[in-house]
Amino acid sequence: MALVTKMIRCAKCGSSEVVYDGKAVYHCAACGMDCDHAMPAADLAEVNRIVMLGGEPEKLAELRKKYRNLDITNWTSENRLQVK
């Protein structure tokens, strides 16, 4: 089973619906923002770690507060799948 992670996410909303035009412009289909950079590497690494291994509820809440279109799921300690 392969796990696909998103390598580019929007710097404003966290959506993975980002298109890079090859001219240093990232366009997000979810929020409509055009930006010269994507999500910071540290936040992207944290999101990918949470998707693959799960994460602390506090860190996940912080990321969801910072990026409104993050749309990641994770398993809680009670083995429930939560989507927010």
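Please treat every number below as a calculation from the coordinates, not as lab data. The model shown is predicted, which means the values in this text are computed figures rather than measured ones. Counting neighbours? That spans all protein chains shown, and the Cβs are built from the backbone with ideal geometry, glycine included.
A straight Cα-to-Cα reach below 18 Å connects residue 23 with the aspartates and glutamates 34, 36, residues fewer than 8 places away in its own chain not being considered. When 52, 39, 33 are sorted by how many other C-beta atoms sit within 10 angstrom of their C-beta, beginning with the fewest, the order is 52, 33, 39.
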